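Following: one structure in structure tokens, then a few remarks.
The values are calculated or read from the model by the stated rules, or taken from the named source; none is laboratory data. Remember, predicted model here, so these are calculated numbers, not experimental data. Cβ coordinates were reconstructed from backbone atoms using ideal geometry, including for glycine residues, and neighbour counts include every protein chain displayed. We work out accessible area using only protein heavy atoms, side chains counted, and drop any ligands, DNA or RNA first. Shrake-Rupley method; radii C 1.70, N 1.55, O 1.52, S 1.80 Å.
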Amino acid sequence: LAICGAALAAPQPARPYLWKIESAGHKPSWIFGTIHLQRPDVAALAPAVQSAVDRADAVYTELPMDTETILGLTPKLMIPNGKTLGDLLGTQLTTDLTAELKATHPALTLAPLEHMKPWAVAASLVELDDQMKYPGVLPLDIVIFQRAAMARKEVGGLETPDEQLAIFEDLTAAEQVALLRDTIIQLRAVRATGRTPSDILAELYLAGDLDKLVEELVKWDAASGDAEFCARLMDRLLYRRNAIMAERIEKKLHEHPQTSFLFAVGAAHLQGPRGLLAALEKAGYHLTRAE
């Protein structure tokens, strides 16, 4: 993992995904929608977001983004019992995966991925283009966490690594393989247009339209063509986690009214009647979107 930040000149979102949280007797807090793309145009914080991070007393991302936590995730992404990816995928899918890696960059091979679980490989494939094009650029959540940590603010996570990993760990081997297969199919289709998934997602993120962004994110998060599996996966990826994060955010706001928080979570968690914005409003907080 790179350790440098991404303070680069870049286009700013038309409207940052930032909402001010207010309630009588409470210091103002904020909730910010991030996206996990390693691109300079996305990683450069809009002025309103910089201000919110700097004014907050405490900053919470989905997971703690300290080095120990991030490095601790790696062993949990590996296939147990000495098996390899090829053992699980079979000849044809292994060939398709190798071809997708070569299409991303001629130097990429299967070797670094051969002991990773299929779901982890599927998640990694979508990010590989940007990792090759923009080495050293960090995703937004890490940029924000590091900015707060360097300022010696209180930092932490709304979830634990085991809670996040459980979403995919509970998938059967066949479901993980199907997810990887469908991800490769989607990547091929997008690549045929001359673009990459991150090109599309970055464009939507910077446009500031939360509904359109979430529509595209959901397409990639539930890549499988199995409708029942997609519904179950999205329930675990979004709705159950929304309920847990909302409860933990509300608890912090209620118990620490004189602490100004900034909560940075994936933008998809904000939207809709079961999203975090609706949950906070239902709990009696007044939300105002930053311009």
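Miscellaneous remarks
- Shape box of segment 73-132 [Cα atoms, principal axes, largest first, Å]: 30, 28, 16
- Pair K102, H254: separation of 7 Å Cα→Cβ label points (nm): 5.8 nm
- Extreme residue, positive dipole direction of the chain, given options I167, M65, T84 (C-beta unit charges): M65
- Three-way shape label, segment 108-220, alpha-carbon gyration tensor, a/c 1.5: oblate
- Computed [θ] at 222 nm, helices only, for the chain once each DSSP H run of length n ≥ 4 contributes -39500 (n - 2.57): -15500 deg cm²/dmol
- The ellipsoid equivalent to the alpha-carbon distribution of the chain has semi-axes of 33, 20, 18 angstrom, derived from the gyration tensor eigenvalues as √(5λ) and listed largest first.
- When H286, H269, H105 are compared by accessible area of protein heavy atoms, the largest-first order is H286, H105, H269, using a 1.4 Å probe.
- Net length gained if the chain between T109 and E216 were fully extended (0.36 nm per residue, minus Cα distance): 35.7 nm
- T288-D87 pseudo-label distance in nm [points 7 Å out on the Cα-to-Cβ vector]: 5.9 nm
- Per residue solvent-accessible surface (Å²) - segment 100-236, probe of 1.4 Å: 45 Å²
- As a fraction of the 1.4 Å probe accessible area of segment 204-291, surface on carbon and sulfur atoms comes out at 52 percent.
- Taking every DSSP bridge with both residues inside the chain, close to 40 percent are antiparallel.
- Placing +1 on the Cβ of every Lys and Arg and -1 on the Cβ of every Asp and Glu, with no other charges, gives segment 143-291 a dipole of roughly 360 debye about its Cα centre.
- The string of couplings for segment 240-245 from the Karplus curve (6.51, -1.76, 1.60, θ = phi - 60°) is 5, 5, 4, 4, 5, 5 Hz, one whole number per residue in order, with x for Gly and Pro.
- With an a/c value of 1.5 or above and a/b not larger than b/c for the gyration tensor axes a ≥ b ≥ c computed over the alpha-carbon atoms, segment 190-291 is described as oblate.
- A151 paired with E169, simple spin-label distance in nm, labels 7 Å along Cα-to-beta-carbon: 3.4 nm
- Shape call, segment 105-162: gyration tensor on alpha carbons, a/c limit 1.5: oblate
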